[in-house]
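One structure is given here, and the rest of the page talks about it.
The values are calculated or read from the model by the stated rules, or taken from the named source; none is laboratory data. Not measured: the values here are computed from a predicted model. When we count neighbours, we look across all protein chains shown, and the Cβ atoms used for this are built from the backbone with ideal geometry, even at glycine. The protein model used for the area step is the full one, side chains on, heavy atoms only, and it has no ligands, DNA or RNA in it. Shrake-Rupley method; radii C 1.70, N 1.55, O 1.52, S 1.80 Å.
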Amino acid sequence: MQRSVLIIDAISTRRIHMRAQLDTAAYPVDLADTQTEGLALIRKDPPDVVFIADDLPGLRLRQFCKTLRGNTQTQFTTVVVAVRSENQSARVSALVDGAHDVIDMNSDGVDLKARVRSFMRTSGQSEGWYRQPQTQAVTGLAEAVPEFAPKTVASFVARDSEIWFAKILSDVSAASGIDIRPTSAQLARRNPDVESDVYILLETGSDDGTRDTLVALRSHPTSRDSRILFVTDCPSQIASPLDLGADDQVPTTITATELRLRIDRLARRKRDADRKRKETTELAQKAYVDALTGLSNRTAMEEYLLRMDHALTAQPRAVAMMIADVDHFKAINDNHGHAAGDVILAQLARTMRSKLRDGDFIARYGGEEFLIVLPNVEAEQAHDVALRLRDAVADNPIALNASTHVRATISIGLAVAHRNDRMSTTDLQRAADNALYSAKRNGRNRIDIALLANSHERPLGRTHGEQ
């Protein structure tokens, strides 16, 4: 879908000048000279970004933003207010009324293009700013204050020459309770603060290394999910801070009030993104992790085996597969209850997992069955692992309560394919399953090894078990 921009300004020369500054080759730019005309264009073809002049006659910015947020077609539209550079109160008012950003009416083309690119990248990423009712007077960006929010931590990459800006940050901290922590550029690059929600970078020269720090923070695993506020009045360079990874860019003339609003906004966006990542992880766990044992579930197992088949086709190698089954599990449930059975399964899963390598795979295969895959393991090593699993389970009775302990055992069917056997995981699974039935028939608490039909080293059907 094609991206678009709308400029609403009553002064034609400013409209035309702003359009000339934008990249009209990348996206169409429409013009309107009144709020009514602008809303009509928005309803007809919703734009991704709206630039609107704060001195537009009859403008009711709060209502304008609310109208867009209340429509599913425009709820993600970015609203940017253009104000005169000297009008600091207008900047703050625009943010409080719901604008996503505020720019100088005389912003140059490099800055405008970079901001639009940044808006386009984040378009549709609902990071919370449009959800809250616009009822708070001075909380910033028209977001209601939540009943509880963790304290915001902001790291300021400081220099001794920037004491004047540190004073502004001190005022911000005193007024809002934001925990602002000064740090050096070297420390920020090498060891970012894991608690930092927002990094504040102040550029005082065209080649002072601040942009290198920005890139380093964005790429470091500890800080890459933090938000970065870039403060600068330096002449435009080849790459804008917004293109290098900054989430927001403001001039050094920014007031403490506006700075607080922007830090708060970035911190909320960061927390909202953290929450979404957590939800995604939890959903993935529900889809691929067995809730009782914490092991991979059958869905994850099937996907793993499919990947393993592809890997074995591309690069043949030895692989061992085991199926372990809890002996007399029905009797355990009948004697102690299903809740006790769940406790035992969970403990057995932890025990077996602790005896495997990091690269080994274990899944809950069925009710009380577990499937284990050992890549790059020959028969003798695989047998040693099976013994270790069997003995670890048998030698560790499980406490159901202070007076009741249950000694569970497992039977294991083991199948091993050598590099030249070229067996699929389906063949291995079938062979391991047959070996498991053999172990059950031969007395349980034992390991039976199934030899594969195309192995040239051993006859098919040979088993080996230990009492």
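Below are the figures for this structure:
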quantity	calculated
Test for ARG19: is it under 18 Å from ASP111 (Cβ atoms), open to solvent by less than 60 Å² (accessible area, probe 1.4 Å) and either at pLDDT 95 or above or not in a loop (DSSP other than H, G, I, E, B) (or both)	no
Flag if THR281 is in contact (Cβ under 8 Å) with a residue 24 or more places away in the chain, among the polar types (S, T, N, Q) and part of a helix (DSSP H, G or I)	no
Only one of ALA320, ALA246 that is of a type outside the set (Phe, Trp, Tyr), part of a strand (DSSP E or B) and surrounded by 19 or more Cβ atoms within 10 Å (Cβ to Cβ)	ALA320
From GLN63, GLN73, residue being in contact with a Pro (Cβ under 7 Å, 6 or more places away or on another chain), over 23 Å from ASP247 (Cβ atoms) and open to solvent by 70 Å² or more (accessible area, probe 1.4 Å)	GLN73
Single residue of region 76-92 satisfying the filter (part of a loop (DSSP other than H, G, I, E, B) and among the charged types (D, E, K, R)) that is surrounded by the fewest Cβ atoms within 10 Å (Cβ to Cβ)	GLU86
Candidates LEU387, LEU371, filtered to the one that is surrounded by 17 or more Cβ atoms within 10 Å (Cβ to Cβ) and in contact (Cβ under 8 Å) with a residue 60 or more places away in the chain	LEU371
Set ASP384, ASP391, ASP360, ASP421: member being of a type outside the set (A, V, I, L, M, F, W, C) and within 22 Å of PHE329 (Cα to Cα)	ASP391
Unique residue being more than 19 Å from ASP358 (Cα to Cα) and either under 28 Å from the mean Cα position of the chain (by Cα) or at pLDDT below 95 (or both) when the list is ALA318, ALA340	ALA340
Residues located in region 87-114, provided they are out of contact with any Leu (no Cβ under 9 Å at 6 or more places or on another chain) and over 23 Å from ARG69 (Cα atoms)	ASN87, GLN88, SER89, ASP104, MET105, ASN106, SER107, ASP108, VAL110
Residues that are touching a helix residue (DSSP H, G or I) at 6+ places or on another chain (Cβ under 9 Å), within 24 Å of HIS418 (Cβ to Cβ) and modelled with pLDDT under 95, drawn from region 356-374	ARG357, TYR365
Filter result (open to solvent by 30 Å² or more (accessible area, probe 1.4 Å), free of Cβ contacts under 8 Å to residues at least 40 places away in the same chain and not hydroxyl-bearing (Ser, Thr, Tyr)) within region 337-355	HIS338, ALA339, LYS355
Tally, over region 173-194, of residues that are out of contact with any His (no Cβ under 8 Å at 6 or more places or on another chain) and in contact (Cβ under 8 Å) with a residue 24 or more places away in the chain	15
Only listed residue being open to solvent by 10 Å² or more (accessible area, probe 1.4 Å), in a strand (DSSP E or B) and either in contact with a Ser or Thr (Cβ under 7 Å, 6 or more places away or on another chain) or without any contact (Cβ under 8 Å) to a residue 12 or more places away in the chain (or both), chosen from ASP325, ASP358, ASP334	ASP325
Residues of region 208-229 satisfying the condition of being under 23 Å from the mean Cα position of the chain (by Cα) and open to solvent by less than 30 Å² (accessible area, probe 1.4 Å)	THR213, LEU214, ALA216, LEU217, SER223, SER226, ARG227, ILE228, LEU229
Index of the failed condition, LEU266 passing every other in (1) crowded, with 18+ Cβ neighbours inside 10 Å; (2) more than 17 Å from VAL92 (Cβ to Cβ); (3) not hydroxyl-bearing (Ser, Thr, Tyr)	(2)
Only one of LEU259, LEU283 that is at negative phi, open to solvent by 70 Å² or more (accessible area, probe 1.4 Å) and of a type in the set (A, V, I, L, M, F, W, C)	LEU283
Subset of region 22-42 [hydrophobic (A, V, I, L, M, F, W, C) and either surrounded by 15 or more Cβ atoms within 10 Å (Cβ to Cβ) or more than 35 Å from the chain's Cα centre (by Cα) (or both)]	LEU22, VAL29, LEU31, ALA32, LEU39, ALA40, LEU41, ILE42
Criterion: out of contact with any His (no Cβ under 7 Å at 6 or more places or on another chain) and crowded, with 18+ Cβ neighbours inside 10 Å - qualifying residue of PRO46, PRO57	PRO46
One residue from LEU436, LEU428, LEU414 being under 24 Å from VAL377 (Cβ atoms), modelled with pLDDT of 90 or more, assigned to a strand (DSSP E or B) and not polar (S, T, N, Q)	LEU414
Of all residues in region 1-16 being part of a helix (DSSP H, G or I) and among the β-branched types (Val, Ile, Thr), the one that is surrounded by the most Cβ atoms within 10 Å (Cβ to Cβ)	ILE16
Scope region 284-317; condition farther than 30 Å from ASP421 by Cβ and part of a strand (DSSP E or B); matching residues	VAL289
Residue that is nearest to LEU389 (Cα to Cα) [pool: residues in region 307-317 that are free of Cβ contacts under 8 Å to residues at least 40 places away in the same chain and open to solvent by 70 Å² or more (accessible area, probe 1.4 Å)]	ARG307
Residue, surrounded by the most Cβ atoms within 10 Å (Cβ to Cβ), within region 160-192, restricted to residues that are among the β-branched types (Val, Ile, Thr) and touching a Leu at 6+ places or on another chain (Cβ under 9 Å)	VAL172
